[in-house]
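**Q** After the structure tokens below, expect a handful of questions from me.
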Amino acid sequence: MPGLAVVGAQWGDEGKGKIVDYLAAQADVVVRYAGGNNAGHTVVVGGETVKLHLIPSGILYPDVTCVIGNGAVIDPEVLVQELDTLQARGFRTAKLFISDRAHLLMPYHRDQDRLEEEARGAHRLGTTGRGVGPAYADKVAREGIRCSDLMDEAWLRQRLEAVVPRKSMLLQKLYGHPGVTVDEMMDYCLRFAPRLVPLLVDSGALVQDALAQGRRVLFEGAQGTLLDIDHGTYPYVTASSPSAAGVYSGVGVGPGAVTNVLGVTKAYTTRVGQGPFPTELTDATGDWLRERGGEYGTTTGRPRRCGWLDAVQLRYAVRVNGITQLALTKLDVLTGLDKICIAVAYELDGRRIDHWPALLSELSKVRPVYETLPGWSEPIGEVRSWEELPPAARGFIRRIEELAQVPVVCVSVGPDRDHTLVNGVISW
Ligand code: IMP
């Protein structure tokens with residue numbers, strides 16, 4: 001039962017889209033299990049850039065079945081727009097399916113996200129403003145609308161009547177929103193139902209059948225471990241479970257479905273939005289990484305905060321996800337630096353610690369203990385084998401393997417599919 005989960009080992013934006021795109025060539029099924037269109041995957045195919053927010057990156061391969069699991073939230077407007085754009089560019093989308101249990105992201109969730117962020121003022125979370133947090137909050141509050149609700153008009157109206165009047169009152173009274181009616185939301189849902197309903201499946205059954213037939217299933221993570229609602233830097237997190245455990249609840253399969261976990265980490269660290277970031281560089285090196293790495297958000301265009309690789313954080317991600325192998329992305333961005341740092345521990349109130357603290361006031365004041373490694377000056381964008389990498393780059397990779405205690409099996413040295421080096425084999 002070859003099931004491989006590809007997860008972000010940092011705060012998202014690790015380059016998972018590119019790695020998933022590379023591995024999708026070997027996959028039969030690619031499944032997204034968490035998040036919504038807060039994610040942004042940039043994939044470059046033959047020099048052509050494709051940006052995806054909701055649809056799994058596997059869609060770029062015509063024979064791969066793509067599934068959005070119940071753990072994701074679906075903004076129907078975004079889904080339809082992505083489908084239309086892909087079709088207009090000649091990509092086949094006939095093999096895309098959506099879980100009938102996935103929740104819909106409604107227009108009022110977008111408004112709520114924006115209004116809540118404004119109301120938080122200095123305590124804002126820095127959300128992507130796409131309505132993802134409020135959609136998950138309604139799911140847990142049992143006030144969500146599911147994709148399957150679109151299949152029965154009378155039932156859909158009942159659900160909207162149960163949910164919309166109180167939601168409308170809340171938005172009006174708390175934030176001066178003009179309000180929203182059941183009829184408006186009914187029209188909205190019925191506008192998208194003809195496009196969505198034909199795609200609905202039981203994602204767990206589809207994936208389990210594929211695994212039972214020995215087909216290769218790739219579980220595509222969105223965001224990253226440090227944005228996980230349970231394991232991330234709460235409250236500066238997203239509202240879903242992007243770590244590997246999210247696969248089971250977010251698709252509808254048991255733990256046996258995942259045989260290997262590939263963690264994706266950049267050769268340095270970035271984060272967007274608020275919250276602690278121990279190795280953040282607010283100096284010229286941070287600016288250099290941002291410019292060289294093109295570190296601006298795919299979804300919002302916001303400049304990303306940049307810093308050195310953090311092995312304390314990486315070890316935490318390895319443990320939380322059960323990562324069995326690592327992919328290291330954007331190694332080429334480090335070319336030209338005299339020296340490269342990796343945080344190997346922290347100093348907290350004069351003590352050395354090597355664990356990732358839960359208490360955010362502690363995490364905010366830890367000081368990284370850095371190990372310094374030599375850099376390299378040779379451009380590596382055209383390197384196509386491990387052996388051709390400069391010795392200092394290989395030394396950097398070896399040190400990451402020692403610190404994280406898992407092998408680095410894949411290195412990315414540029415945005416295109418070709419810019420991917422594999423050491424040995426990637427285990428499914
Ligand atoms: P939300 O997911 O829009 O609610 O945003 C919550 C936090 O997660 C914010 O700090 C966002 O910047 C961050 N976030 C959400 N999605 C992504 C992503 O795909 N990459 C990086 N950060 C993300």
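The values are calculated or read from the model by the stated rules, or taken from the named source; none is laboratory data. Since we're looking at a predicted model, the values are computed, not measured. Every residue, glycine among them, receives a Cβ derived from its backbone with ideal geometry; neighbour counts consider all protein chains shown. Ligands, DNA and RNA are stripped out before the accessible areas are found, and what is left, the full protein with its side chains, is counted by its heavy atoms. Shrake-Rupley method; radii C 1.70, N 1.55, O 1.52, S 1.80 Å.
**Q** Only one residue in Ala284, Ala317, Ala345 is within 19 Å of Leu403 (Cβ to Cβ) and either away from the ligand (no atom under 16 Å from the Cβ) or not assigned by TED's automatic domain parsing to the domain that holds Pro390 (or both). Which one? Reasoning before the result, please.
**A** Working: Ala284 fails: within 19 Å of Leu403 (Cβ to Cβ); Ala317 fails: either away from the ligand (no atom under 16 Å from the Cβ) or not assigned by TED's automatic domain parsing to the domain that holds Pro390 (or both).
Matching residue, one of Ala284, Ala317, Ala345: Ala345.
**Q** Spot the failing condition for Arg32; the list is (1) modelled with pLDDT under 95; (2) within 15 Å of the ligand (Cβ to nearest atom); (3) touching a Gly at 6+ places or on another chain (Cβ under 9 Å), and only one is missed.
**A** Unmet condition: (1).
**Q** Out of the residues in segment 1-26 that are in a loop (DSSP other than H, G, I, E, B) and in contact with a Leu (Cβ under 7 Å, 6 or more places away or on another chain), which is farthest from Arg315 (Cα to Cα)?
**A** To start, the set of residues in segment 1-26 that are in a loop (DSSP other than H, G, I, E, B) comprises 1-2, 9-15, 25-26.
Imposing the further condition that a residue be in contact with a Leu (Cβ under 7 Å, 6 or more places away or on another chain) reduces the set to 1, 9-12.
Numbers: Met1: 27, Ala9: 9, Gln10: 11, Trp11: 14, Gly12: 16 Å.
Here the residue is Met1.
Rundown of residues vs (1) in contact with a Leu (Cβ under 6 Å, 6 or more places away or on another chain); (2) open to solvent by less than 10 Å² (accessible area, probe 1.4 Å); (3) at pLDDT 95 or above, yes/no style:
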residue	(1), (2), (3)
Gln223	no, no, yes
Leu226	no, yes, yes
Gly232	yes, no, yes
Thr238	yes, no, yes
Ser241	no, no, yes
Ser249	no, no, yes
Val258	no, no, yes
Val264	no, yes, yes
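**Q** Now for a different question. Against the condition surrounded by fewer than 24 Cβ atoms within 10 Å (Cβ to Cβ), at pLDDT 95 or above and more than 13 Å from the ligand (Cβ to nearest atom), how does Thr65 come out, does it pass?
**A** For Thr65, the condition - surrounded by fewer than 24 Cβ atoms within 10 Å (Cβ to Cβ), at pLDDT 95 or above and more than 13 Å from the ligand (Cβ to nearest atom) - is met.
**Q** Considering Asn37, Asn70, which residue is under 24 Å from Thr265 (Cβ atoms) and either in a loop (DSSP other than H, G, I, E, B) or in contact with a Gly (Cβ under 9 Å, 6 or more places away or on another chain) (or both)?
**A** Asn37
**Q** A follow-up question, please. Taking the options Glu371, Glu387, Glu402, name whichever one is outside any helix (DSSP H, G or I) and of a type outside the set (A, V, I, L, M).
**A** Details: Glu387 fails: outside any helix (DSSP H, G or I); Glu402 fails: outside any helix (DSSP H, G or I).
Exactly one residue qualifies, and that residue is Glu371.
**Q** Right, here's the next one. For Glu48, which of the numbered conditions (1) under 26 Å from Gln208 (Cα atoms); (2) more than 16 Å from the ligand (Cβ to nearest atom) fails to hold?
**A** Among (1) under 26 Å from Gln208 (Cα atoms); (2) more than 16 Å from the ligand (Cβ to nearest atom), Glu48 violates only (1).
**Q** Right, another one. Tell me, please, whether a residue that is within 15 Å of the ligand (Cβ to nearest atom) and out of contact with any Lys or Arg (no Cβ under 6 Å at 6 or more places or on another chain) can be found in segment 97-105.
**A** Scanning segment 97-105, I find at least one residue that is within 15 Å of the ligand (Cβ to nearest atom) and out of contact with any Lys or Arg (no Cβ under 6 Å at 6 or more places or on another chain), so the answer is yes.
**Q** Against the condition crowded, with 17+ Cβ neighbours inside 10 Å, within 16 Å of the ligand (Cβ to nearest atom) and under 18 Å from the mean Cα position of the chain (by Cα), how does Arg271 come out, does it pass?
**A** Considered against the rule, which asks whether it is crowded, with 17+ Cβ neighbours inside 10 Å, within 16 Å of the ligand (Cβ to nearest atom) and under 18 Å from the mean Cα position of the chain (by Cα), Arg271 comes out as yes.
**Q** Okay, moving on. Which one of these is touching a residue at least 12 places away in the same chain (Cβ under 8 Å) and within 11 Å of the ligand (Cβ to nearest atom): Pro134, Pro165?
**A** Pro134
Let's see how each residue does on (1) within 20 Å of Gly232 (Cα to Cα); (2) open to solvent by less than 40 Å² (accessible area, probe 1.4 Å):
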{"position": "Arg319", "(1), (2)": "yes, no"}
{"position": "Gln325", "(1), (2)": "no, yes"}
{"position": "Thr329", "(1), (2)": "no, yes"}
{"position": "Val333", "(1), (2)": "no, yes"}
{"position": "Ile340", "(1), (2)": "no, yes"}
{"position": "Tyr346", "(1), (2)": "yes, yes"}
{"position": "Asp349", "(1), (2)": "no, no"}
{"position": "Leu359", "(1), (2)": "yes, no"}
{"position": "Leu363", "(1), (2)": "yes, yes"}
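**Q** To continue, here is another question. Within segment 135-148, does at least one residue satisfy the condition of being within 30 Å of Val7 (Cβ to Cβ), of a type in the set (Phe, Trp, Tyr) and not assigned by TED's automatic domain parsing to the domain that holds Gly69?
**A** Checked segment 135-148: at least one residue is within 30 Å of Val7 (Cβ to Cβ), of a type in the set (Phe, Trp, Tyr) and not assigned by TED's automatic domain parsing to the domain that holds Gly69.
**Q** Going residue by residue through segment 414-424, is there one that turns out to be open to solvent by 60 Å² or more (accessible area, probe 1.4 Å) and within 23 Å of Leu227 (Cα to Cα)?
**A** No, because not a single residue in segment 414-424 is open to solvent by 60 Å² or more (accessible area, probe 1.4 Å) and within 23 Å of Leu227 (Cα to Cα).
**Q** Pick out, from segment 267-362, the strands (runs of 3 or more DSSP E) lying fully within it that include 1 or more residues that are touching a Leu at 6+ places or on another chain (Cβ under 9 Å) and closer than 30 Å to Val425 by Cβ.
**A** The strands (runs of 3 or more DSSP E) meeting that bar are 269-271, 325-329, 339-348.
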